[in-house]
1. Structure shown: which of Lys243/Lys267; Lys260/Lys377; Lys170/Lys267; Lys317/Lys382; Lys126/Lys253 lie over 20 Å apart, alpha-carbon to alpha-carbon?
2. Return the sequence-ordered ³J(HN,Hα) values of segment 358-375 in whole Hz as given by the Karplus equation 6.51 cos²θ - 1.76 cosθ + 1.60 applied to θ = phi - 60°, using x for Gly and Pro.
3. Spelling out what I want: for every residue of segment 88-103, take phi, set θ = phi - 60°, compute 6.51 cos²θ - 1.76 cosθ + 1.60 (Karplus), and round to whole Hz; glycine and proline get x.
4. Just to check I understand the Karplus step: with θ = phi - 60° and J = 6.51 cos²θ - 1.76 cosθ + 1.60, what whole-Hz values come out for segment 237-247, glycine and proline as x?
5. Of Ile247, Thr165, Gly187, whose Cα points farthest to the positive end of the dipole of segment 148-382 (charges on the beta-carbon: +1 Lys, Arg; -1 Asp, Glu; origin at the Cα centre)?
6. Please give the charge dipole size of segment 148-382, origin at the Cα centre, charges +1 on K and R Cβ atoms and -1 on D and E Cβ atoms. Round to the nearest 20 debye.
7. For segment 164-240, what's the relative contact order in percent, using C-alpha pairs closer than 8 Å and at least 6 residues apart?
8. Taking amide H positions as placed in the peptide plane 1.01 Å from N, state which residues far from Asp184 in sequence (5 or more) or on other chains have amide H under 5 Å from it.
Amino acid sequence: MKHEQLTIRCPHWSDSDEFFRGRCADGKHNGRPSFGECIDLCKECENQRPELDAYIFSLAKQSPSQPVKHSFKDLVAHFTASIGKWSRHGFPLAEKAEYLWRKQQCLLRCGDYWRCPECGCCVRAKAWLATEECPRGHWENYPGDGMVSVLIAHRGEPTENLERTIDSVKTMATGPVEVLTWNDASGHGRRDITNRLSQVAKGDYLFFIDSHCAMSEGWDVLLKSLCTPDQVACSVLANLDDKTWKIGDRHHKGCHLNEKLEIKWNKHMTERDIQPVMAFAGCGWMIQRDLFLEFGGWDEDLARLGWGNEGAEWSLKLGLAGKRILLHPSVVCGHLWQTNKDNILYKIEGGSVESGRDILINKTLLKEWPQQQYDLKCLFEKFGVSLA
C-alpha cells in the first residue's frame, strides 16, 4: 500500500480511516498498528524496523486525534455503566502511578489523553476508576510491580547532595526501587563501577543517574512502561536549585550526535510527544537489566579511560543495533550542573575524552558493537543529522 512516506509491505495491512491510516486485517494487536509492537507481533512485515517505526511516529504526529463520533446519549450510557460498575465494587481508585501510566498509554497508542476515540469517555476521569478497562486493550500489562535498581557512581560527592538525590529517587518513585551507590575513591571509573553494581542489582530495570539529581513524580513507572527488549527510555534533563533541590524550568529534551560523536541537545522537541531520539546523556535513562547484560554492559575498552562519553557509547550501541531510544517528556531529571565549582570532583581530562571518541569511531567503523546492523550514515540519515 503506497503512502506518502513509505510503502507498507505486509500481507495483512489494509488502508482505512483508522488512526495511523491503516489496520491489520489479521487482527494482530486488536487490528491497530502501534509503535514497535506491530512489527514485533506480526513477524511478516518486510519493512525494516527503524523505517517502519519512524513512519508510524510521523503519522502519529501529523494526524490529529479522531473526533469522537458518539452521541450525547451514548456518552451518558457509557458514563452510567462505568459509575455503576465502580459503585458495585466499592468505589476503588487506581493508584496514582497506574493512573499516570494509563493516561500515557492513551497518548502513546491513540494520540489523545482527553477523549477516548473508542468509547468517547473522558480519559482523565475514567483512568482513575480501578474497575475500568481500555476498550482497545491498552491498559493491560501494567508494569508497576517490576523493581528498578538505581545505580549511582560518584567521586567524593558531598554527602548532602547524595542523600538528597537518594531521597528524591525513593520519594518520587511509585513502585519498588533499590538504590546502589559506589564512591569511586580508587579511580575505577563510572563504567567499571556500574558494571559491577549491575551484577548484584535485584531489579528488572536499571536506572542510571548522577549523584546530584532530583526526579519528577512517577518517574519509575512511566519509564518502565517504555522499556522493552527493543527499546530504552530517557528523561528530560533540567536545571536543579542547589538550595531548595527543586527542578527548574530550563528543560533539555533529548540529544543527538554530531559528526565528532559529541552529545548535543535537541532544540525542537514538542512538550507532550513521546518520541524517538538519536541519543541521550549519561544521566537519567533506563534499560531492562537483561538487555543491559545482553549488550555486555559498559564497554571495557572505554572503561579503562575512566569517565566521559557514557551517553554517546550507549546511544551508538543501541541505535546501530536497531534498538529504539524513547524520550518521555513527562519524566524530568533535575541535574545540578557543575556541582563542584573548582571542577575537581568530576574533572575529566580532555585527552581522555578525545581518546574515548576515537574508540567510539573505530568500533563503529569496524562494526565491533554488539548486534550492530547499521553503519553511522544510516543512523544519521534516520534522524536527519548531517554527517559532513
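Every read-out reported here was derived from the displayed coordinates using simple, explicitly stated rules and does not represent laboratory data. Computed from a prediction, not measured in an experiment: that's the story for all the values here. Quick reminder, even Gly has a Cβ in these numbers, built from the backbone with ideal geometry, and neighbours come from all protein chains shown.
1. Among Lys243/Lys267; Lys260/Lys377; Lys170/Lys267; Lys317/Lys382; Lys126/Lys253, the Cα-Cα distance tops 20 Å for Lys243/Lys267; Lys170/Lys267; Lys126/Lys253.
2. 4, 5, 4, 5, 5, 5, 5, 5, 8, 6, 9, 6, x, 6, 5, 10, 10, 9
3. 5, 9, x, 6, x, 10, 6, 4, 4, 4, 5, 4, 4, 5, 4, 4
4. 9, 9, 6, 10, 6, 6, 9, 8, 6, 9, 6
5. About the Cα centre, the residue reaching furthest to the positive side is Ile247.
6. Numbers: 28 positive and 33 negative charges, 71 e Å.
Dipole size: approximately 340 debye.
7. Numbers: 50 pairs, mean separation 32.7, N = 77.
Computed over segment 164-240, the figure is 43 percent.
8. It is His154, Arg155, Gly156, by chain and number.
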